[in-house]
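The structure appears right after this line, and notes come after that.
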Amino acid sequence: MRRDMNENQLRLTGKAWEIRHTLRKLANSGQKQATLSDYLKKKTT
């Protein structure tokens with residue numbers, strides 16, 4: 001699976017189960033009310 005990030009977007013390329021697994025990990029790693037935008041800002045700075 002491939003994951004490309006910058007401060008405005010997240011691009012996931014791979015099989016459907018890999019993408020679902022990655023999105024679930026991202027959702028569980030942050031705060032309950034965190035948005036994707038918050039995550040990208042935190043990871044790219």
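Nothing in this text is a laboratory measurement; each read-out follows from the coordinates by a stated rule. Quick caveat, the model's predicted, so the values are computed rather than measured. With ideal geometry, Cβ positions are generated from the backbone for all residues, glycine too; neighbour counts draw on all protein chains shown.
Annotations
- Here the condition is being under 11 Å from the mean Cα position of the chain (by Cα), surrounded by 13 or more Cβ atoms within 10 Å (Cβ to Cβ) and touching a residue at least 12 places away in the same chain (Cβ under 8 Å); of LEU36, LEU12, LEU23, it holds for LEU36 alone.
- Residues of the chain classified as part of a helix (DSSP H, G or I) and touching a strand residue (DSSP E or B) at 6+ places or on another chain (Cβ under 9 Å), total: 10
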